1. For residue 73, indicate whether it is at pLDDT below 95 and more than 22 Å from residue 149 (Cβ to Cβ).
2. I need the full set of residues from region 195-221 which are hydroxyl-bearing (Ser, Thr, Tyr) and crowded, with 16+ Cβ neighbours inside 10 Å, in order please.
3. From 74, 99, 80, 114, which residue is of a type outside the set (Val, Ile, Thr) and under 30 Å from residue 217 (Cβ atoms)?
4. With the requirement that a residue be surrounded by 16 or more Cβ atoms within 10 Å (Cβ to Cβ) and free of Cβ contacts under 8 Å to residues at least 12 places away in the same chain, what does region 79-98 give you?
5. Taking the condition of being on the phi < 0 side of the Ramachandran plot and surrounded by fewer than 22 Cβ atoms within 10 Å (Cβ to Cβ), how many residues in region 146-156 meet it?
6. Just name the residue that is farthest from the chain's Cα centre (by Cα) out of those in region 43-95 that are of a type in the set (Gly, Ala, Ser) and over 30 Å from residue 125 (Cβ atoms).
7. Can you tell which of 192, 129 is crowded, with 18+ Cβ neighbours inside 10 Å, closer than 30 Å to residue 96 by Cβ and assigned by TED's automatic domain parsing to the domain that holds residue 91?
8. Look through 40, 101, 60 and report the one residue that is free of Cβ contacts under 8 Å to residues at least 60 places away in the same chain and not in a strand (DSSP E or B).
Amino acid sequence: MNRIEIRQLTKDYGTNRVVDHLTFDVLPGRVTGFLGPNGAGKSTTMRLLLGLERATSGTATIGGRRFTDLQAPLYEVGALLDPQAPRGGRTARDHLLVLAAGNGIAKARVEAVLEQAGLASVARRRVKTFSLGMRQRLGIAAALLGDPGVLLLDEPTNGLDPEGIIWIRELMRALAAQGRTVLVSSHLMAETASFADHLVVLGRGRLLADTSIREFIDARSTPRVRLRTSDPDGLRAALEHQGFRLDAAEDGRWTVDGIQAEAVGALAAREGVPLLELSDERASLEQAYLDLTAGRAQFSSSAA
């Protein structure tokens, strides 16, 4: 019911194609990170999904229906696209009360989301006095207002302090654990790696990847093991017999390329070589992302 389905979605602005025959699904029960360089088409795809733009061709549906066909959209889909959208002259509570009244949502729910977003103590302050982080929290509160099964969040950590980042990270995970569909657009790779289970990556309007984070990173990483041992000579001989080389690293550690920790551990145990430390080294999400999107950014910097 909460499944997002994008099928051959295309959007042209004159001769400029911003979204190019996209096809992917966003499934409930997991947080999906929506990544891509500036100009990749992420925000446009979200706007097409929410009926704020009209597709040139293709479809974008939620539970098999277009957003514009939903009977009570706020109950089904919550979205954060622009934290600057609320009128500055309204208080935070009044902003949410207007949304609630227009969608048949009880006033008690307004108080609940203000509390959940950490805004209860400033609910009577005018939005124009809010910092970017406070506006971000208000936007998230508005997205949660109808207790929807689908959440679309564009850069939700923007402007948040460390406590706020931890809060939204845990919130997204909790919502997914409840079986909701959570799609999160972000430019922060390290932050995305901390909350996302799955990735959809765009480049110049096209789909570049639709996979789990682990598979995404592993596909762009060379296996490497980092270890410490009290018998490097014995381990070196055992590894060379299998076609691998033991290389010195910093702090008395060693590395082995092209093999995983499980295989090194089994080999060391068989040969009676003691291991004091053993771990796999994997590329970061940022490294894997840059490897995939190299040459696909609309704007890129040159080295100084």
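The values are calculated or read from the model by the stated rules, or taken from the named source; none is laboratory data. Small disclaimer: the values here were computed from a predicted structure and weren't measured. Backbone-built Cβ (ideal geometry, glycine too); neighbour counts: all protein chains shown.
1. Taking the combined requirement at face value, the residue does not satisfy it.
2. Across region 195-221, the qualifying residue is only 221.
3. Checking each option against the conditions leaves just 80.
4. Answer for region 79-98, where residues must be surrounded by 16 or more Cβ atoms within 10 Å (Cβ to Cβ) and free of Cβ contacts under 8 Å to residues at least 12 places away in the same chain: just 94.
5. Matching residues across region 146-156 total 3.
6. The selected residue is 57.
7. Result: 192 is the single residue among 192, 129 that is crowded, with 18+ Cβ neighbours inside 10 Å, closer than 30 Å to residue 96 by Cβ and assigned by TED's automatic domain parsing to the domain that holds residue 91.
8. After applying the criteria, what remains is 101.
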